[in-house]
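The values are calculated or read from the model by the stated rules, or taken from the named source; none is laboratory data. What you see is a predicted model, and the numbers here were worked out from it, not measured in a lab. Reconstructed Cβ throughout: ideal geometry from the backbone, glycine too, with neighbour counts over all protein chains shown. Accessible surface areas use protein heavy atoms only, side chains included; no ligands, DNA or RNA. Shrake-Rupley method; radii C 1.70, N 1.55, O 1.52, S 1.80 Å.
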Amino acid sequence: MRFDWSYSIKVIPTLMTGLKYTILISILGILLGFVLGMLTGLARSGKKGILNTIASVYVGIIRGTPLMVQALYIYFAIPMILNINIPVLVAGVLTIGLNSGAYMSECVRGAIESIDIGQREAGTCLGLSKVQVMVSIIIPQAFKIMLPSLGNQFVISVKDTSLLTTIGVAELTRQATQAVSKSFRTVEIYTSLAVVYLLLITTLSFILKKLEGRLK
Amino acid sequence: MIKVTGLSKSFGELEVLKDINVDIEEGEVVCVIGPSGSGKSTFLRCINQLEKANAGEIYYDGVPITDKKYDLRKLHREIGMVFQRFNLFPHKTVLQNIMLAPLKLKMGSREEIKEQALELLDKVGLKSKANEYPRNLSGGQQQRVAIARALAMKPRVLLFDEPTSALDPELVGEVLKVMKQLADEGMTMIVVTHEMGFAREVSDKVIFMEGGYVVEEGNPNDMFANPKNERTKEFLSRVL
């Protein structure tokens, strides 16, 4: 076959439309995941109890099922069970959020449990409450430790948005497959697609590295 | 001020404290000595409830703190603790380490708390290190900061858990000096230590523990000169 650059270039505006959705879903999904990850990570690092159990079940379910099945379930099955309508973008954000949250939960728990018990004891012995010890002493130290693995999860989540193409989210990969189905310029268009992802992820990694450097 | 009656503590099968009975008066400096694994640190950690006893009572000003309903935060505001490994907060400067708890517990305005923190640093001879991070300090300096941090809560009692055991020998003196100064000022102190010189010179009472029991207690001169119990005698002959 002959590689025709013009198709690679021509598809760019279409890909940009998809990129907007990819970025939107990534940001909202990761934010949701971060909140879920922090909360469930804290619950899991704490005493055994109802919160710990709920968090463990959540992490177990998410880690035990593929992302694509989760997307299908959230977009098709849950609306039928609850008799509601979930817009596809919302389903996309929920999928990425719930999925990344479970993995971030593990990063958070690991980081919190890695902080020396003496830090907690020192805080307690100064008369601080459990929440104050957590917020002022444990979390700031744990955050530095968890940042590299959280960053790693951010990158994975951005890539995972491509799987949302199965439920019809108009993100980057979906735009590309549709463009291919119209023009059949498979090689040219998928090359552009790969390059756009590469640039996106490289930029994100760069920002994360800077952030990490500043926190150290 | 602190009264311990029939205190027992086990970790699983291992019984580390057996029927401990001790009285500590206000202003007293009590040194707890004994071989490693004798339960000294656990005893200290039971007093501020970092460890929960399996049996027995601890009274603080006549109030049973071993009672489940007792507000432990009140206890921790009044009974400070200095740890073997200092346990300074590595992400905070020396000054911030000292100011953290008074600020969180709203013990005064920021200015007042800062002024008090600087005074305490001056007291332990480290005013010039106020803006350093703990990692840039020697062990002895870190431990002195830890003492200042505990003092910032204006505690009535200070517990010391082997405060010099993690220090290089040449740094032990500077920490003991600060502790002696506190003792001279009338602070009630319970000190778990291997520093027999300090115990002999500074304490009002020495408690010798072995195998989870208080084997002997008494004033330091008597105990170091004429230990009554065979095991005390044997221990002292090994360490002195």
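Quick notes on this one:
- Count of residues meeting criterion [under 22 Å from the mean Cα position of the chain (by Cα) and open to solvent by less than 50 Å² (accessible area, probe 1.4 Å)] in the stretch A:177-204: 6
- Conditions (1) at pLDDT below 95; (2) outside any loop (DSSP other than H, G, I, E, B): number failed by A:A55: (1)
- Answer from A:I156, A:I145 - the residue that is open to solvent by 20 Å² or more (accessible area, probe 1.4 Å), of a type in the set (A, V, I, L, M), in contact (Cβ under 8 Å) with a residue 24 or more places away in the chain and more than 20 Å from A:I115 (Cβ to Cβ): A:I156
- Pick from the stretch B:89-128, criterion polar (S, T, N, Q) and within 19 Å of A:R120 (Cβ to Cβ), ranking: least open to solvent (accessible area, probe 1.4 Å): B:N97
- Given (1) within 13 Å of B:R149 (Cα to Cα); (2) under 17 Å from the mean Cα position of the chain (by Cα), index of the condition B:E51 fails: (1)
Each row is one residue, and each column tells you yes or no for (1) open to solvent by 40 Å² or more (accessible area, probe 1.4 Å); (2) within 10 Å of chain B (Cβ to nearest Cβ); (3) assigned to a helix (DSSP H, G or I).
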position	(1), (2), (3)
A:I62	no, no, yes
A:Y75	yes, no, yes
A:I84	yes, no, no
A:N99	no, no, yes
A:Q119	no, yes, yes
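- Scanning the stretch A:101-111 for residues that are more than 14 Å from chain B (Cβ to nearest Cβ) and either surrounded by fewer than 22 Cβ atoms within 10 Å (Cβ to Cβ) or among the small types (G, A, S) (or both) turns up A:G101, A:A102, A:Y103, A:S105, A:E106, A:G110.
- Residue match in the stretch A:182-193 (condition: among the aliphatic types (A, V, I, L, M), under 30 Å from A:I86 (Cα atoms) and either in a helix (DSSP H, G or I) or touching a residue at least 12 places away in the same chain (Cβ under 8 Å) (or both)): yes
- The listed residue being in contact (Cβ under 8 Å) with a residue 40 or more places away in the chain, among the acidic types (D, E) and more than 30 Å from A:L51 (Cβ to Cβ), out of A:E171, A:E106: A:E171
- Counted residues, the stretch B:70-87 - those being open to solvent by 10 Å² or more (accessible area, probe 1.4 Å), out of contact with any helix residue (DSSP H, G or I) (no Cβ under 6 Å at 6 or more places or on another chain) and more than 7 Å from chain A (Cβ to nearest Cβ): 6
- Being open to solvent by 10 Å² or more (accessible area, probe 1.4 Å), over 25 Å from B:D168 (Cβ atoms) and touching a helix residue (DSSP H, G or I) at 6+ places or on another chain (Cβ under 8 Å) is a condition met by no residue of the stretch B:24-47.
- When A:G213, A:G127 are screened for being free of Cβ contacts under 8 Å to residues at least 24 places away in the same chain and either aliphatic (A, V, I, L, M) or open to solvent by less than 20 Å² (accessible area, probe 1.4 Å) (or both), only A:G127 passes.
- Qualifying residue in the stretch A:130-142 (condition: in contact with a Ser or Thr (Cβ under 7 Å, 6 or more places away or on another chain) and either aromatic (F, W, Y) or more than 14 Å from chain B (Cβ to nearest Cβ) (or both)): no
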